[in-house]
Amino acid sequence: MDNQLLNHLYSRSRYRGKKFTPENLVFNANLQEFAQRLSFISNLETNGKISAPEAYQQIETLWQSFQSSAQHNLR
């Protein structure tokens, strides 16, 4: 894939949080990745590429992974 397509599919926004810290930056990046993957899973289910139970399982796994990384970064 070329860089333009990758940038479109996996776009990232600049950090616009209250206070810039490395921990907040990592959390922001993880949150953006979570939202992007959630969107992909939802779109796959909506278009019939994966079943609703499979989408649910993937989202649950994704959520657990996000929670774990968030808790690790907040320590």
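Quick notes on this one:
- For the peptides 39-52, 20-33, the ranking by packing is 20-33, 39-52, with the highest mean count of neighbouring Cβ atoms within 10 Å listed first.
- For the range 36-47, the Karplus equation 6.51 cos²θ - 1.76 cosθ + 1.60, evaluated at θ = phi - 60°, returns couplings of 5, 5, 4, 4, 4, 4, 4, 5, 4, 5, 4, 8 Hz by residue, with Gly and Pro reported as x.
- The orientation-averaged shadow of the Cα convex hull for the range 28-75, equal to a quarter of the hull surface, comes to 3.0 nm².
- Applying 0.36 nm per residue to the separation of S68 and E33 and subtracting their alpha-carbon distance, the gain on full extension is 11.2 nm.
- Amide hydrogen proximity for I50: with H placed 1.01 Å from N in the peptide plane, the residues at 5 or more positions away or on another chain lying under 5 Å are E45.
Values quoted throughout were computed directly from the atomic coordinates according to the rules given, and no laboratory measurement underlies them. Just so it is clear, the model here is predicted, and its values are computed rather than measured. With ideal geometry, Cβ positions are generated from the backbone for all residues, glycine too; neighbour counts draw on all protein chains shown.
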